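Participant: I'd like to ask some things about the structure below.
Please treat every number below as a calculation from the coordinates, not as lab data. From a predicted model like this one, the values you see are computed outputs, not experimental measurements. Don't worry about glycine lacking a Cβ; one is built from the backbone with ideal geometry, like all the others, and counts go over all protein chains shown.
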Amino acid sequence: MLALLQNLARRLLGPPHRYLRWSFSEQHNPLNHLGSLSIFFCWVVLVSGIWLLFFFRTSVTGAFESVHYLATEQWYLGGMMRSLHRYASDALVVTLFLHIVKEFSRNAYRLKRWFSWATGIPLIWLVFLLGVSGYWLVWDELAQYVAITSAELIDRIPVFTDKMAANFLRPSLLSDRFFTLMAFLHLIGLPIFLVFGIWLHVFKLSRPRINPTRRLMAGTLIALLLLAATFPAPLQEKADLARVPQVVQLDWFYLHFYPLVDRWSPGAVWSLLLGLSGLLFVAPWLPPGKAPAVAVVDLDNCNGCQRCAEDCPYDAVQMAARSDGKRYQQEAVVDPELCVSCGICVGACPTATPFRRKSALVPGIDLPDLSMRQLRETIDNVTEIPTRVLAFACSDSAELRWLKKNGKPCVEVTCAGQLPPPFFDYVLSKGLARRILVSGCDGDCRFRFGSRWTEMRLRRERDPHLRRRVGAHRITLASSSDSTSPAGIASLWRELDNAIDEDES
Amino acid sequence: MRLIGQALAFAAFFAFVATFSAGPGFELLAEDEALLSLSFSHAAARVGECTRLSQQELQQLPPNMRTPDQCPRGRHPLDIELRIDGVTVYAAVIPPSGFHADGKATVYERVRLGAGPRHLQLRINDAGGAPQGGLIASRQLHVQPGQNIAVFLDADNRRIVFEQGEP
Ligand code: HEM
Ligand code: SF4
Ligand code: SF4
């Protein structure tokens, strides 16, 4: 069931991902920057919001007039800012939704990775509360609808005995204090919680990607500006409590569930919202599973070089004072609560080299479930060896399924980043294969840094380096694990095979 | 070529954003409808009369509770019925709020009604059906489409108000 849903999510993201990879390149692919794009939209909302704040008046009569002034008389600046504010917050809902789908599709929320997921859920509520309170402030016909319907929802909470909605049914009952309250929530209260919430959301991750690439930010900003200039955000008629608008133009990104309050009942809508949030909350353990064994440090082989701690995407390795009396200052210590068993630390360890005697092949840090020694045995035993092309494939990759189905020689790893460069050296210099295909996830590794670190290590930009004599051109990093079509991987395989003949001629 | 691809991607994304940012419209009322909002809070009559305790009875109470007048705190529920053109569209018996059932009862109901001449009648009883709690008012209105007609009890003056918004 879970696998089915995740597969569905991947299939949905697959075609757009391939298109965007073609047009943007994997590095700038927006689908690889959904979290950071969401933050970027928050920035746009913040900056444009500050401009609006200068002109906004928090009173029954002043609110609409001040917005109207911005939209009409100051259209060139205030109107632009208003449109940016509106469209960036809408775009935020879209990237937020895709962000959730993507993290879901690649299992980045399960078991030990529950923290980012669980702290994401209050962010959804905050974003929606911000949206709703924002629409309330404008005090046009939409705001009137939002105010009444929101009040009906609030009135359903058993704590309040007075009906808040009653205040919006007669002009004489309306007072400025609602605007003061909403303005406080929208301008100060909720944004503070949002900033704190985002910080909490990423704080356990090592090097969280807060900003998209510069090019992506520039492109997004230009597109937003163009949209704001061509289609200024509409403003509806001024609210009038003596009337009921026949039709309201809803912002469906924020208000899609509002019609349900009318069609069902406030109680039913609360059940839906709370039910969905609850389901999201328990999702990391649905169904409960057993986490794979965590990375283990072998002190005899650890020289305290810190590379594993540097490379771990989950900050699961800490350096501690040496405990075994060796002359090194530090040693690596794995926090089993944080370690997700990706193996990226193994790929970073200078002692993980298959050139060592088989009996001694115990690196400073290793995955018990798929150790360096096991990996070397697998290579030594690949039946087709020596082979023309040998593939190393991340166990989650689409390529792996294709390779297995088509009987190509391949070795399964937890993550491309699990392979230290000496491994490729070993395969090539021992003549076990002439070319190597490494298949992980290019731009957006499911373990965050696997492909990035591998690429840098091969380019000799990050320790441990691939030795010069190996010839980096003989190692090819395949594309993303969740979006490669069978046809794509087949043609890549043929390309590599042909390249061997070219190497020789 | 790829730049055009990028532009297309941005265009598609923001076209989607703009499309659903303000619309399609959601119909709150049909063309020829108005809305009647029945909404007010009211503290109904107390359930019983206060009784004066005798000196003896007072002595039996703990010292901090020795008030000579003992009043039952509870209130009656609010019995309410709204009719439009003789048809009951809303009828309810609303209990008082509060832990001791001594607070206000709150009515909140919105009813769609067709435009045109309408005869509205609101009946309230706030004393458990006793005649002194009965209030009734009717009004012949010419309802305009899109109007919000507020109907409520002005408790201070014990009268029912029909407030018809400007069309
Ligand atoms: C305003 C809303 C949100 C923002 C700005 C945001 C931003 C981010 C950022 C910047 C990252 C780090 C990406 C990286 O460096 O790899 C991230 C990761 C993540 N987010 Fe969000 N996020 C938001 C909401 C959510 C929601 C609602 C969920 C799910 C319910 C969620 C689930 C996750 C998960 C599972 C990860 C990945 C952690 C991992 O790789 O183990 N996020 N988010
Ligand atoms: S990379 Fe290896 S040697 Fe370096 S600190 Fe980590 S376990 Fe020890
Ligand atoms: S296996 Fe992955 S998560 Fe665990 S310590 Fe190594 S790099 Fe960190």
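Participant: To one decimal place, what Kirkwood hydrodynamic radius in Å is obtained for the range A:104-227 from all pairs of distinct Cα atoms?
Facilitator: For the range A:104-227, the Kirkwood estimate is 17.6 Å.
Participant: Provide the per-residue ³J(HN,Hα) series for the range A:342-349, in order, calculated from phi with Karplus coefficients 6.51, -1.76, 1.60 and θ = phi - 60°, each as a whole number of Hz, with x at glycine and proline positions.
Facilitator: 8, x, 4, 5, 5, x, 8, 7
Participant: Stokes-Einstein D for the range A:366-441 at 25 °C, 0.890 mPa s, Kirkwood Rh over Cα pairs, in µm²/s?
Facilitator: My calculation gives 198 µm²/s for D.
Participant: Right, something else. I'd like the orientation of helix A:2-28 relative to chain A: the angle between its Cα long axis and the longest Cα principal axis, in ° from 0 to 90, rounded to 10.
Facilitator: On a 0 to 90 degree scale, this one is about 90.
Participant: While we're looking at this one, here's another question. Would you list, by chain and number, the lysines whose Cα falls below 28 Å from the Cα of A:Lys163, excluding same-chain residues fewer than 8 positions away?
Facilitator: Partners found: A:Lys238, B:Lys104.
Participant: I need the trypsin sites (Lys or Arg not before Pro) found in the range A:348-436, filtered to DSSP loop residues with at most 13 other beta carbons within 10 Å of theirs.
Facilitator: The qualifying sites are A:Arg357.
Participant: I've got another one for you. Under 5 Å between amide H atoms, partner at least 5 residues away or on a different chain: which partners does A:Val413 have, H built in plane at 1.01 Å?
Facilitator: Answer set, sorted by chain and number: A:Ala393, A:Cys394, A:Ser395.
Participant: Just from its helices, what would the mean residue ellipticity at 222 nm be for chain A, if runs of 4 or more DSSP H residues each count -39500 (n - 2.57) and the sum is divided by every residue, rounded to the nearest 500 deg cm²/dmol?
Facilitator: -16500 deg cm²/dmol
Participant: Give me Rg over Rh for chain B, both radii from the alpha carbons and Rh done the Kirkwood way, two decimal places.
Facilitator: On the way: Rg = 26.6 Å, Rh = 20.3 Å.
Expressed as Rg/Rh, it is 1.31.
Participant: Another question, then. If I fit a long axis through the Cα atoms of helix A:372-381 and take the longest principal axis of the Cα atoms of chain A, what angle between them do I get, 0 to 90°, rounded to 10?
Facilitator: The two axes meet at around 60 degrees.
Participant: Something else: Among DSSP beta bridges lying fully in the range B:2-163, give the percent that are antiparallel, nearest 5. Write down the numbers at each step before the final one.
Facilitator: Values: 41 of 45 bridges.
Taking every DSSP beta bridge within the range B:2-163, about 90 percent pair in antiparallel fashion.
Participant: Additional query: Grab the other residues whose beta carbon is less than 11 angstrom from that of A:Ile436, score K and R as +1, D and E as -1, and report the net.
Facilitator: Numbers: positive: A:Arg388, A:Arg434, A:Arg435, A:Arg474; negative: A:Asp425.
It works out to a net charge of +3.
Participant: Quick one: net charge of A:Glu152's neighbours, Cβ under 14 Å, K/R +1, D/E -1? Don't skip to the answer; put the middle values down first.
Facilitator: Working: positive: A:Arg156, A:Lys163, A:Arg263, B:Arg110; negative: A:Asp155, A:Asp162, A:Asp262, B:Glu109.
Charge balance near A:Glu152 sits at 0.
Participant: Right, something else. Which chymotrypsin sites (Phe, Trp or Tyr not before Pro) in the range A:196-296 pass both tests, a DSSP loop state and at most 16 other beta-carbon atoms within 10 Å? Walk me through the numbers before you get to the answer.
Facilitator: Details: sites: A:Phe196, A:Trp199, A:Phe203, A:Trp252, A:Phe253, A:Tyr254, A:Phe257, A:Trp264, A:Trp270, A:Phe281, A:Trp285; in loops: A:Phe203, A:Phe257, A:Trp264.
Within the range A:196-296, the qualifying chymotrypsin sites (Phe, Trp or Tyr not before Pro) (loop, at most 16 other Cβ atoms within 10 Å) are A:Phe203, A:Phe257, A:Trp264.
Participant: Report, in whole Å, the centroid distance computed from the Cα atoms of the range B:96-167 and the range A:372-424.
Facilitator: The range B:96-167 and the range A:372-424 have Cα centres separated by 77 Å.
Participant: Sticking with this structure for a sec: Starting from one equal scatterer on each C-alpha and no solvent at all, send me the Debye-based log10 I(q)/I(0) for the range A:2-285 at q = 0.11, 0.15 Å⁻¹, two decimals.
Facilitator: Cα-only, vacuum Debye calculation for the range A:2-285: -0.72, -1.26.
Participant: May I pose another question? Loop-only check: which trypsin sites (Lys or Arg not before Pro) in the range A:223-301 are DSSP coil with at most 10 other Cβ within 10 angstrom?
Facilitator: For trypsin sites (Lys or Arg not before Pro) across the range A:223-301 that sit outside H, G, I, E and B with at most 10 neighbouring Cβ atoms in 10 Å, the list reads A:Lys290.
Participant: Another question, if that's okay. Which one of B:His100, B:Ile80, B:Gly25 is farthest out on the positive end of the charge dipole of the range B:2-163, using unit charges on Cβ (Lys, Arg +1; Asp, Glu -1) and the Cα centre as origin?
Facilitator: So the residue we want is B:His100.
Participant: At q = 0.19, 0.20, 0.22 Å⁻¹, what log₁₀ I(q)/I(0) does a Debye calculation on the Cα points of the range A:252-374 give, no solvent, two decimals?
Facilitator: These q points yield log10 I(q)/I(0) values of -0.99, -1.06, -1.19.
Participant: Which three semi-axes in whole Å describe the equivalent ellipsoid of the range A:313-366, each the square root of 5 times a Cα gyration tensor eigenvalue, listed largest first? Write out the running numbers ahead of the final one.
Facilitator: Values: eigenvalues 80, 61, 14 Å².
Each semi-axis is the square root of five times an eigenvalue, giving 20, 17, 8 Å.
Participant: Here's a follow-up. For labels at A:Trp75 and A:Asp176 in the simple 7 Å Cα→Cβ model, what's the distance in nm?
Facilitator: 3.1 nm
Participant: Would you please give the residues with an amide H less than 5 Å from that of B:Leu36, counting only those at least 5 places away or on a separate chain, with H modeled from the backbone geometry?
Facilitator: The answer is B:Val111, B:Arg112, B:Leu113, B:Ile149.
Participant: Per the Kirkwood formula on distinct C-alpha pairs, the Rh of the range A:106-161 is how many angstrom?
Facilitator: Evaluated over the range A:106-161, this radius sits at 13.6 Å.
Participant: I'd like the Karplus ³J(HN,Hα) series for the range A:64-78: coefficients 6.51, -1.76, 1.60, θ = phi - 60°, whole numbers in Hz, and an x wherever there's a Gly or Pro.
Facilitator: Values per residue, Gly and Pro as x: 4, 4, 5, 5, 4, 4, 4, 6, 9, 6, 9, 4, 5, 10, x Hz.
Participant: Whats the longest run of chain A with zero GluC sites (Glu not before Pro) that are DSSP loop and have at most 14 other Cβ atoms within 10 Å?
Facilitator: Within chain A, the longest run free of exposed GluC sites (Glu not before Pro) spans A:74-236.
Participant: Suppose we keep just the DSSP beta bridges with both residues in chain A; what percent of those would be antiparallel, to 5?
Facilitator: Beta bridges within chain A, antiparallel portion: roughly 40 percent.
Participant: Here is a further query. Let me know the mean shielding of A:245-255 by other chains, meaning the per-residue number of their Cβ atoms within 10 Å of its Cβ.
Facilitator: Per residue, the average neighbour count from other chains is 6.
Participant: Defining a contact as two alpha carbons under 8 Å apart and six or more residues distant in sequence, what relative contact order in percent does chain A show?
Facilitator: 14 percent
Participant: Kirkwood hydrodynamic radius, the range A:402-483, all distinct C-alpha pairs: what's the number in Å?
Facilitator: With all distinct Cα pairs of the range A:402-483 included, I get 13.1 Å.
Participant: Please report, in Å, the Rg and the Dmax of the range A:296-504, where both are computed over Cα atoms only.
Facilitator: 16.8, 56
Participant: What does the range A:20-117 give for Rg and for Dmax, in Å, if only its C-alpha atoms count?
Facilitator: Rg and Dmax of the range A:20-117, Cα atoms, are 18.1, 54 Å.
Participant: May I pose another question? Can you list the residues, at least 5 places off or on another chain, whose amide H is less than 5 Å from the amide H of A:Ile385, using H built in the peptide plane?
Facilitator: Those lying under 5 Å, H to H, from A:Ile385: there are none.
Participant: Using the Karplus equation 6.51 cos²θ - 1.76 cosθ + 1.60 (θ = phi - 60°), what ³J(HN,Hα) coupling, rounded to whole Hz, does each residue of the range A:294-311 give in order, writing x for Gly and Pro?
Facilitator: Couplings: 7, 4, 10, 8, 10, 4, 4, 10, 8, 9, x, 7, 6, 5, 5, 5, 4, 8 Hz.
Participant: Dipole size in debye (nearest 20) for chain A around its Cα centre, Lys and Arg Cβ +1, Asp and Glu Cβ -1?
Facilitator: In debye, rounded to 20, chain A gives about 1220.
Participant: To the nearest 20 debye, what is the magnitude of the charge dipole of the range A:296-504 about its Cα centre, counting +1 on the Cβ of each Lys and Arg and -1 on the Cβ of each Asp and Glu?
Facilitator: Rounded to the nearest 20 debye, it is 660 debye.
Participant: With viscosity set to 0.692 mPa s at 37 °C, what whole-number translational diffusion coefficient in µm²/s follows for chain A from Stokes-Einstein and a Kirkwood radius over Cα pairs? Walk me through the intermediate numbers first.
Facilitator: Details: Rh = 25.9 Å.
My calculation gives 127 µm²/s for D.
Participant: For chain A, take the longest principal axis of its alpha carbons; what is the angle in degrees between that and the long axis of helix A:114-138, to the nearest 10 within 0 to 90?
Facilitator: 30 degrees
Participant: Need the C-alpha centroid separation for the range A:306-347 versus the range A:136-211, integer Å.
Facilitator: Measuring centre to centre over Cα atoms gives 45 Å.
Participant: Let me check I've understood the local charge: for A:Asp176, count other residues with C-beta under 14 angstrom from its C-beta, Lys and Arg +1, Asp and Glu -1. What total comes out?
Facilitator: That sum, taken over residues with Cβ under 14 Å, equals +1.
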